[in-house]
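Asker: Before anything else, here's the structure in question.
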Amino acid sequence: MAGELIVSISGITDRTLADADAFRGELTARNVPASLLVAPRQKSGYRLDRDAHTVEWLTRRRAEGDALVLHGYDEAATKKRRGEFATLQAHEANLRLTGADRVLEHLGLRTRLFAAPGWTVSPGTLTALPRNGFRLVAELGGITDLVRGTTTRTRVVGIGEGFLTETWWCRTLVLSAERTARREGTVRLAVAAGQLRRPGSRQAMLDAVDLALLHRCTPAVYRWAPKPALTDVPDAA
């Protein structure tokens, strides 16, 4: 069996949309969908509900097969160098999830998928997610089905937003993707949209994608699906 390939893009705003769209075009040429990580608020006072152009782009991309994944509320760090949901208690996580969910619902972008900034979630967040209707969480070291309580162990590697951006790291990312693809695992690649204007970062992502496809990884997105209903019941023996 071949593995899977999941490519995610975070930090999409009015300032990074052109780069994200150009990179998305490269993925389209390879028949690779994208998981788009969205948050109601980001750095420098950015608010998604004031950016109609990005909302329209996200809406169109989802209609064409991409996945939308809630990626926090406002990038707040509870501790130095810790992600927004890395240390929260369940009550605090619930407030942020509720607020973010309401904004995305108002914009027509509601999703039941979650990936925290920095890819790290606290036990309290894991408790709050299903209470707010979320069905899947993508973490640094795995993908958890919150309904079934099962986790697929597979590590995400990326460029920017918590990951390194140096040239040597870009090479490491490409090698890691190839190694995982050879082992028929799930290749999870993540990139911050702000890094896509850098030729080295963008090319490293595309090289990693191409190697995963070369090793027959199946392009996919973060997703959750209910078990198929039993439509045929075999006759009793």
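Asker: When residues of the range 91-128 are filtered for being among the hydrophobic types (A, V, I, L, M, F, W, C), over 15 Å from Leu140 (Cβ atoms) and crowded, with 17+ Cβ neighbours inside 10 Å, how many remain? Quick ask: steps written out before the conclusion?
Answerer: Going residue by residue through the range 91-128, those that are among the hydrophobic types (A, V, I, L, M, F, W, C) are 93, 95, 97, 100, 103-104, 107, 109, 113-116, 119, 121, 126, 128.
Still in the list and also over 15 Å from Leu140 (Cβ atoms): 93, 95, 97, 100, 103-104, 107, 109, 113, 128.
Still in the list and also crowded, with 17+ Cβ neighbours inside 10 Å: 93, 97, 100, 103-104, 107, 109, 113, 128.
Residues meeting the conditions: 9.
Asker: Same structure again: Touching a helix residue (DSSP H, G or I) at 6+ places or on another chain (Cβ under 7 Å), over 18 Å from Thr13 (Cα atoms) and of a type in the set (A, V, I, L, M), is that true of Leu88? Walk me through it before giving the result.
Answerer: Working: touching a helix residue (DSSP H, G or I) at 6+ places or on another chain (Cβ under 7 Å): yes; over 18 Å from Thr13 (Cα atoms): yes; of a type in the set (A, V, I, L, M): yes.
Judged against the criteria, Leu88 is a match.
Asker: Out of the residues in the range 87-114 meeting the condition of being touching a Gly at 6+ places or on another chain (Cβ under 6 Å) and aliphatic (A, V, I, L, M), tell me which one is farthest from Asp145 (Cα to Cα).
Answerer: So, considering only residues that are touching a Gly at 6+ places or on another chain (Cβ under 6 Å) and aliphatic (A, V, I, L, M), the one farthest from Asp145 (Cα to Cα) is Leu88.
Asker: Still on this structure, please answer the following. Looking at the range 209-219, can you tell me whether even one residue there is within 19 Å of Thr28 (Cβ to Cβ), within 15 Å of the chain's Cα centre (by Cα) and not aromatic (Phe, Trp, Tyr)?
Answerer: Filtering the range 209-219 for residues within 19 Å of Thr28 (Cβ to Cβ) gives 209-214, 217-219.
When the remaining residues are screened for being within 15 Å of the chain's Cα centre (by Cα), the result is 219.
Next, only the ones that are not aromatic (Phe, Trp, Tyr) stay: 219.
Yes, because at least one residue in the range 209-219 is within 19 Å of Thr28 (Cβ to Cβ), within 15 Å of the chain's Cα centre (by Cα) and not aromatic (Phe, Trp, Tyr).
Asker: Continuing with the same structure: Out of the residues in the range 195-231 meeting the condition of being at pLDDT 95 or above and open to solvent by 80 Å² or more (accessible area, probe 1.4 Å), tell me which one is nearest to Glu64 (Cα to Cα).
Answerer: Filtering the range 195-231 for residues at pLDDT 95 or above gives 195-224.
Remaining after also requiring open to solvent by 80 Å² or more (accessible area, probe 1.4 Å): 197-199, 203, 214, 216, 223.
On the way: Arg197: 24, Arg198: 27, Pro199: 27, Gln203: 24, Leu214: 24, Arg216: 23, Arg223: 15 Å.
Of everything passing the filter in the range 195-231, Arg223 is nearest to Glu64 (Cα to Cα).
Asker: A follow-up question, please. Would you pick out the residues in the range 133-179 that are open to solvent by less than 20 Å² (accessible area, probe 1.4 Å), on the phi > 0 side of the Ramachandran plot and over 14 Å from the mean Cα position of the chain (by Cα)?
Answerer: Passing the criteria: none in range.
Asker: Could you check the range 1-101 for strands (runs of 3 or more DSSP E) lying wholly inside it with 2 or more residues that are at pLDDT below 95?
Answerer: Details: elements: 4-10, 35-38, 67-70.
Where strands (runs of 3 or more DSSP E) fall fully within the range 1-101, none carries at least 2 residues being at pLDDT below 95.
Asker: Hey, can you tell me all the residues within the range 181-194 that are of a type outside the set (A, V, I, L, M, F, W, C), within 19 Å of Arg155 (Cβ to Cβ) and open to solvent by less than 60 Å² (accessible area, probe 1.4 Å)? Before you say what the answer is, go through the steps one by one.
Answerer: Kept after step one, since they are of a type outside the set (A, V, I, L, M, F, W, C), are these residues of the range 181-194: 182-186, 188, 194.
From what is left, the residues that are within 19 Å of Arg155 (Cβ to Cβ) are 182-186, 188.
Listed by number, the residues that qualify are Gly185, Thr186, Arg188.
Asker: Let me ask something else. Restricted to the range 91-108, and to residues that are in contact with a Lys or Arg (Cβ under 8 Å, 6 or more places away or on another chain) and free of Cβ contacts under 8 Å to residues at least 60 places away in the same chain, which residue is nearest to Arg41 (Cα to Cα)? Even if it seems obvious, please write down each step before you answer.
Answerer: Of the range 91-108, the ones in contact with a Lys or Arg (Cβ under 8 Å, 6 or more places away or on another chain) are 94, 101, 104.
Going one step further and asking which of them are free of Cβ contacts under 8 Å to residues at least 60 places away in the same chain, we end up with 94, 101.
On the way: Asn94: 17, Asp101: 12 Å.
Top of the filtered list is Asp101.
Asker: Right, another one. Tell me which of these Ala128 doesn't satisfy, since it passes every other one: (1) out of contact with any strand residue (DSSP E or B) (no Cβ under 6 Å at 6 or more places or on another chain); (2) closer than 27 Å to Thr59 by Cα; (3) part of a loop (DSSP other than H, G, I, E, B); (4) of a type in the set (A, V, I, L, M, F, W, C).
Answerer: Ala128 satisfies all of (1) out of contact with any strand residue (DSSP E or B) (no Cβ under 6 Å at 6 or more places or on another chain); (2) closer than 27 Å to Thr59 by Cα; (3) part of a loop (DSSP other than H, G, I, E, B); (4) of a type in the set (A, V, I, L, M, F, W, C) except (3).
The values are calculated or read from the model by the stated rules, or taken from the named source; none is laboratory data. Quick caveat, the model's predicted, so the values are computed rather than measured. Here the Cβ is made from the backbone with ideal geometry for all residues, glycine too, and neighbour counts use every protein chain on show. Remember, those area values only see protein heavy atoms, side chains included, never the ligands or the DNA or RNA. Shrake-Rupley method; radii C 1.70, N 1.55, O 1.52, S 1.80 Å.
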